[in-house]
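Beneath this line is the structure, given in C-alpha cells, with notes to follow.
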C-alpha cells in the first residue's frame, strides 16, 4: 500500500466499505468516495474528514492513476460511469473483498461466515476480545452499539472480520479460526442453487488453517478442510459448545450455563434479550476458547461473564425502541425466511400470549421471487402483517414480483402500506408487540414508528 496516497471508494456508504474506508483514513491515507444516497453512515464518514459525494461524476476521482487505488462493491452496476472510467483509465481497481483479504493477510484472522447470524456473532466476538482486555481490530457488518462503529482498531495482530458469502467474497480470506453460523439458500441470483452455495462455504472452510466452528448439523466435514472441526448449538449437548439451564426473565433476558470441551461457565447472562443471542454467545465464546487454546492459555471466567453481560448488540439487530408492558417495538435486519423465523420465534418466547404485528419490507426482487412462499409461511406466524413495497437495492424490477406475491399466501391478516405511511397507519391499529423487518431502508421510519407506539402508552 506504500505506493498509494489516495484510496477512492465507489459505494463508500455500504456497511463493509465504510469500515475499510475508516481504517485507511485512520492510517493517514487520503480517503474519498461515492455513494448513491446520503445516510447516517455517510454523514458519519464526512464528520471523520472523508469526502463523500452523491452523483456519478468522474470529476471527484483523484486524477493521479499511479497513486490512487480504487475499491468498489459488487452492488454497484457494471455500467456505472465512475466504475467504467477508472477501469478504462488504468487505475488499479479491486473489489472490497480483495481489499479485506489484503488487510488480514499475515494477521491472526478470525472470520465469521453464514447466511444469517454472522454480524451479531462477529460483533459479539470483537466485543469480548475488547472487554476482556486482549483487544482486536474488527471489520463488522453492522454498527456495534458498544462502540458506535463498524470498525475497531487495536495494535495487536488479532483481527475479527465478517466473512460475506455474497459474490463469493469470503474466498478472499484465509482465517486462522472461522465460525459458520448457517448455510441456508440465499443469493440464488449468484449461486443458482443451494448446492453451489454449499460448495462455496466448503471452499471457505478449506482455507481455514486452524479450527472451523460450525453450527451443529451443517454439512461441513473433514473432507472439506484440513482444519479441526468443532460444533456449537443453542442447547444440544451433542455439540462441543452449548448452553444449558436456560432461563428467561419477564423482559426477555436469558441466563444460562455455557459448556465447552472439558469445562463449564455458569451464571452467564447476555446483555441483550432474545434466545438467538444465547446461540450467538455460544459461537463467540467457542471462538475465544479456540483462540486461547491455540495460545496455550485458559479463559478468565469472570472477565468472560463480564463481556457477555456488557454486550449491547448491533444496531438494527434485535434493537428495542420501546419495551413496556403495554407497548413493545423493536427493529431487526432479518431479510431471509430463516432469519425471520428465528426472530419471530424469539419474540414469541419473550412475550407469550401478546399480539404480534410484523412490518416487513422485502429486500431484492430475486429474493422475493425465490422465497415468496417461505416468507408467507413465516410471516403467517404473526397476528397481523404490514407489508411494505420491495426495496430493490441493485436490481431492476422483475415482472410480476411485488410484495403482494408474498401477501397473497399469508394466512394472517395483512395489509400493504407504503414505507413512509407505516407510522400513521399504526396509529389507528390495535398494537401490542410490533417488529419491523428488512435489510433495505425501513430503518428510516423506525423513529416515527417508535413515537407513534410510545404515545399509546400514555393514552
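Read the figures in this text as sums done on the coordinates, not as results from a lab. Treat the numbers as computed from the prediction; the structure is a model and nothing was measured. Cβ sites come from the backbone with ideal geometry, for glycine too, and all protein chains shown count toward neighbours.
Using packing as a proxy for protection, rank 59-67, 152-160 so that the peptide with the highest average count of other Cβ atoms within 10 Å comes first.
The most tightly packed comes first, giving 152-160, 59-67.
Return the FRET efficiency for the residue pair residue 57, residue 266: r is the Cβ-Cβ distance, R0 is 41 Å, and the value is rounded to the nearest 0.05.
The computed FRET efficiency comes out at 0.10.
How would you classify region 105-309 from its alpha-carbon gyration tensor, with a ≥ b ≥ c the square roots of the eigenvalues: rounded for a/c under 1.5, else prolate if a/b is greater than b/c, otherwise oblate? Numbers along the way, then the final one.
Working: a/c = 1.45, a/b = 1.30, b/c = 1.11.
Rounded, because the longest to shortest axis ratio a/c is under 1.5.
So how much slack lies between residue 226 and residue 451, counting 0.36 nm per residue of separation and subtracting their Cα-Cα distance, in nm? Write down the numbers at each step before the final one.
Numbers: separation 225, 0.36 × 225 = 81.00 nm, distance 5.29 nm.
Value of the extension gain: 75.7 nm.
Using r as the Cβ-Cβ distance of residue 196 and residue 458, and R0 as 56 Å, what FRET efficiency do you calculate, to the nearest 0.05?
0.55
Rounded to the nearest 500, what is the 222 nm mean residue ellipticity of the chain from helices alone, with -39500 (n - 2.57) per DSSP H run of 4+ residues and division by all residues?
Values: 14 runs with 150 residues, N = 459.
Taking each H run of at least 4 residues, the total per residue is -10000 deg cm²/dmol.
Quick one, which of (i) 22.9; (ii) 26.7; (iii) 24.3 is the actual Kirkwood radius over Cα pairs in Å calculated for this model?
Of the labelled values, this structure produces (i).
Considering only DSSP beta bridges where both residues belong to the chain, give the percentage that are antiparallel (nearest 5).
25
Which whole-number percent is the relative contact order of region 319-457 (Cα, under 8 Å, 6+ apart)? Numbers along the way, then the final one.
Values: 255 pairs, mean separation 48.6, N = 139.
Relative contact order of region 319-457: 35 percent.
Count the DSSP beta bridges whose two residues both fall in region 319-457, then state the antiparallel fraction as a percent rounded to the nearest 5.
15
Using 0.36 nm per residue, how much length does the chain from residue 105 to residue 418 gain when fully extended, once their Cα-Cα distance is taken away?
108.1 nm
Output the antiparallel fraction of DSSP beta bridges having both residues in region 1-150, as a percent to the nearest 5.
Close to 5 percent.
Using 7 Å Cα-to-Cβ label points, what is the residue 354/residue 46 separation (nm, one decimal)?
The two pseudo-label positions are separated by 3.8 nm.
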